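Okay, so here's the structure we're looking at.
The values are calculated or read from the model by the stated rules, or taken from the named source; none is laboratory data. Because the structure is a prediction, the values reported are computed rather than measured. Heads up, the Cβs are rebuilt from the backbone with ideal geometry, glycines too, and the neighbour counts pull from every protein chain shown. SASA here: full protein model, heavy atoms, side chains in, ligands and nucleic acids out. Shrake-Rupley method; radii C 1.70, N 1.55, O 1.52, S 1.80 Å.
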Amino acid sequence: MKKYLLSFALAFMSITAFAQADYEKAMKENIAKIETSKTPEEFSTLVNNFHRLIAKDENNWLPFYYAALANVQKGRALMREGKTEDLDFVASQVEKYIGAASHVAPTDNAEIHLVTKMMYSLRMMANPQQRYMTDGVKATEELKIAEKLDPNNPRIALIKAEDTYFTPEQYGGSKTKGIEQFKEALAKFNSYTPKSELEPNWGKAEAQYFINGAKK
């Protein structure tokens, strides 16, 4: 009987270890695609992939977080195509996933506040003139919270650079200042080490893109 129980326990541990390895492999593959995907359809596929991974680890904030991030990037792709009428729905999906992530994430998580900031920015862009003083203000507040929690986070520096770069000069923006901030973000990326292979580590390629584009 003892031998049977031991064999059963070892078999269960092997299955669990295999399932965990399979989960981590799928997470890594889909995380990598967040920075290589381009179209709304590709990002929709990623959202669905992360949604399936959530079912395998519902107490882990990361698959919820990446589903939210993939939705943010979907919204940005839609903006590039001029489809701002779809941004409210996409922002609601970001809010759903990032809200779920916040329930299982460590408290005072800067990454969650940063994606929340990006969600409010998406919502604002559906109607900038009417929503600047509502969603725009909330986006700024979330960015300040994220920066206070983790001032050396390179993604926070990246999003600040984006805001400066894309904001018209009459409203305080500047492409020149934005490029300098992208350089500051890149310096932070070069000295940044994520806590694990699955923790957020996106954004460096974008900083390099703007810096290299400015040199041409």
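Brief remarks on what is shown
- Qualifying helices (runs of 4 or more DSSP H) (wholly inside segment 41-160; at least 3 residues being within 15 Å of the chain's Cα centre (by Cα)): 61-80, 87-104, 110-125, 137-149
- Pair list, Cβ under 8 Å, 6 or more apart: segment 102-118 residue farther than 15 Å from Leu158 by Cα and in contact (Cβ under 8 Å) with a residue 24 or more places away in the chain, other residue among the charged types (D, E, K, R) and not in a helix (DSSP H, G or I): Val104/Glu58
- Of all residues in segment 161-216 being of a type in the set (D, E, K, R) and under 29 Å from Glu24 (Cα atoms), the one that is farthest from the chain's Cα centre (by Cα): Lys188
- Scope segment 96-120; condition of a type in the set (A, V, I, L, M, F, W, C) and open to solvent by less than 40 Å² (accessible area, probe 1.4 Å); matching residues: Ile98, Ala100, Ala101, Ala105, Ala110, Ile112, Leu114, Val115, Met118, Met119
- Against the conditions (1) in a helix (DSSP H, G or I); (2) open to solvent by 60 Å² or more (accessible area, probe 1.4 Å), Tyr23 satisfies every one except (2).
- Residue that is farthest from Ala26 (Cα to Cα) [pool: residues in segment 50-59 that are in contact (Cβ under 8 Å) with a residue 12 or more places away in the chain and open to solvent by 30 Å² or more (accessible area, probe 1.4 Å)]: Asn59
- Selection from segment 164-179 of residues that are in contact with a helix residue (DSSP H, G or I) (Cβ under 8 Å, 6 or more places away or on another chain) and assigned to a helix (DSSP H, G or I): Thr164, Tyr165, Phe166, Lys175, Lys177, Gly178, Ile179
- Any hit, segment 78-89, residues being aromatic (Phe, Trp, Tyr), surrounded by 14 or more Cβ atoms within 10 Å (Cβ to Cβ) and modelled with pLDDT of 95 or more: no
- Residue ID - most open to solvent (accessible area, probe 1.4 Å), chosen from residues in segment 148-181 that are without any contact (Cβ under 8 Å) to a residue 12 or more places away in the chain and hydroxyl-bearing (Ser, Thr, Tyr): Tyr171
- Yes/no for Lys183 being more than 14 Å from Ala207 (Cα to Cα), modelled with pLDDT of 95 or more and part of a helix (DSSP H, G or I): no
- Across segment 162-180, not a single residue is classified as modelled with pLDDT of 95 or more, closer than 20 Å to Leu114 by Cα and among the basic types (Lys, Arg).
- Top-ranked residue of segment 121-140 - restricted to ones that are touching a residue at least 12 places away in the same chain (Cβ under 8 Å) and of a type in the set (D, E, K, R), ranked as surrounded by the most Cβ atoms within 10 Å (Cβ to Cβ): Arg123
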